[in-house]
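Notes for the one structure printed next.
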Amino acid sequence: MKRLFALLAALLLLTASAAALEPVKRPISNGGYTHYAIDGDGTLWSWGDSFHGGITAEVDPVLWEDAVPEVKHAVYAESGFLAGFAVDRDGVLWGWGSDFQGKLCGQSGRQGAVRLMDHVVSVHDMTECVVALKDDGTLWTWGGYDSETETFRMPEQIMDQVRAFWGNYIQLESGTWVERRSAEDGETLLLPVAVNAAEVSYDYAADALLMLGENGGLYRAVRKGDWYGTPELLLENVVCFHGGLGPTAVTVEGTLWSWGRGRPAILKDGAPDSEDAYNGDLPDKELAVPVKIMEGVRYAEATEDCTLAILEDGSLWELPSTYHVSIQEEYPQDRFPEVRTECRKLMEQAGEVSWMEIDPNAPAPELLEMPDALREKPEAETEVPVETPREEPAETPAVEETPLSTAERGPVFWAALAVSLLPLAAAVCFQWKKRR
């Protein structure tokens, strides 16, 4: 009996471990002007803008030559505006920097990383909160001010049976992606968005949803009001991509593609190509066309000031951004003296990257129709009461004067004459009596 119980327990453990989510490997992260990179030994290094607290350093800015080691044995990096986050090989989530809005759960991370949560596979620092996915498929959030308790929100589970997420886009165990929105009454809506998508992200410059299918097709659906327009195919054979202001995508043969205002400059012999138009004059909502940047790339993330790219040999490089290349040409002595316009190597060996295996027989990503919760509901047709006009009192009709006939005029005439002669008759009678 004991052996049977032990066997059943072992089977349950094996089932639970098989259902656990695999850690996501993301060795580089760009958050505005703060940059994180994990080297081959697992040490996460930070450099760039330290003014807002995303780097545990007393100087600002921190140059790459003075990069700060933040966490050891890291596999996932997340660069925020005021704080940084990392997941190590044991699934421990670490955070450092500013505890603004309680994103470090009330702990001070100015002097170094603090432990926040265990069993984490990925994390995103959003504007109003932090969201983390655990290996058991539960989704957690914390940070932001709670007006009811007048405190910052501590970690709480908001969903379960989650496979992956990116910001407010969440993939359920069924494979369907839903978008988490807040309704006007404060309730949380989970709106089904897409199916057959392995990953999703957002193109902020174009205000569009990006969907990567297991077949390697990368699609873009521009937002149309409360929903999205028809998806268009951008690239084929994509194995990894990243959204943002300068989205990047890497194809299976190692070609780096990018588009938008903040994309990396096209390189030629290790320097920006003079024939590159930079896309510098694009309006904010212009739908930029993907352009080929360079070959031999394994993963990349772009921001306004630079792009970090891991090459096929594992080395980490910094590529110039088209945004700052164009500024340097126009204002060479202006406020960006330290922005580099050449390509340079930062690390001999960066950390591992999660690459997707392409299945050519997999269906293409499909955008779902707008949910009923977002459709404009026609106002209920109610019978408008007919107002009864107020009855004003009728005016008394004027008496119509009817002319008298000849027969009728006679008596009336003599009666009127008699009345008029009465005073005269009275006076004559009075004088007669006086004379007597």
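The values are calculated or read from the model by the stated rules, or taken from the named source; none is laboratory data. All values reported here derive from a predicted model rather than from experimental measurement. No Cβ is skipped: glycine too gets one built from the backbone with ideal geometry, and neighbour counts run over all protein chains shown. Protein only, heavy atoms only, side chains kept; ligands, DNA and RNA dropped before computing areas. Shrake-Rupley method; radii C 1.70, N 1.55, O 1.52, S 1.80 Å.
Looking across segment 58-75, not a single residue is open to solvent by less than 10 Å² (accessible area, probe 1.4 Å) and among the aromatic types (Phe, Trp, Tyr). Test of understanding: among Val289, Val250, which residue is farther than 24 Å from Leu368 by Cβ, surrounded by 22 or more Cβ atoms within 10 Å (Cβ to Cβ) and out of contact with any Ser or Thr (no Cβ under 7 Å at 6 or more places or on another chain)? Answer to the check: Val250. Whether a residue is out of contact with any His (no Cβ under 6 Å at 6 or more places or on another chain) and open to solvent by less than 30 Å² (accessible area, probe 1.4 Å) was assessed, and Gln161 does not pass this test.
When we screen Leu209, Leu190 for residues that are open to solvent by 20 Å² or more (accessible area, probe 1.4 Å), assigned to a strand (DSSP E or B) and of a type in the set (A, V, I, L, M), the only hit is Leu190. Checked against (1) within 28 Å of the chain's Cα centre (by Cα); (2) more than 21 Å from Phe165 (Cα to Cα); (3) at pLDDT below 95, Ala57 meets all criteria but (1).
Answer yes if at least one residue in segment 27-34 is surrounded by fewer than 18 Cβ atoms within 10 Å (Cβ to Cβ) and at pLDDT 95 or above, and no otherwise. Scanning segment 27-34 turns up no residue that is surrounded by fewer than 18 Cβ atoms within 10 Å (Cβ to Cβ) and at pLDDT 95 or above.
Among residues of segment 223-242 being part of a loop (DSSP other than H, G, I, E, B) and touching a residue at least 60 places away in the same chain (Cβ under 8 Å), the one that is nearest to Glu376 (Cα to Cα) is Asp226. Looking at Glu275, is it more than 29 Å from Pro192 (Cβ to Cβ), in a loop (DSSP other than H, G, I, E, B) and in contact (Cβ under 8 Å) with a residue 24 or more places away in the chain? For Glu275, the condition - more than 29 Å from Pro192 (Cβ to Cβ), in a loop (DSSP other than H, G, I, E, B) and in contact (Cβ under 8 Å) with a residue 24 or more places away in the chain - is not met. Residue check, Ala86 against (1) assigned to a strand (DSSP E or B); (2) under 13 Å from His35 (Cα atoms); (3) open to solvent by 20 Å² or more (accessible area, probe 1.4 Å), all met but one. Which one? Single failed check for Ala86: (3).
The number of residues in segment 93-110 being of a type outside the set (Phe, Trp, Tyr) and open to solvent by 10 Å² or more (accessible area, probe 1.4 Å) comes to 9. Annotation: of all residues in segment 328-355 being open to solvent by 30 Å² or more (accessible area, probe 1.4 Å) and not in a loop (DSSP other than H, G, I, E, B), the one that is modelled with the highest pLDDT is Lys345.
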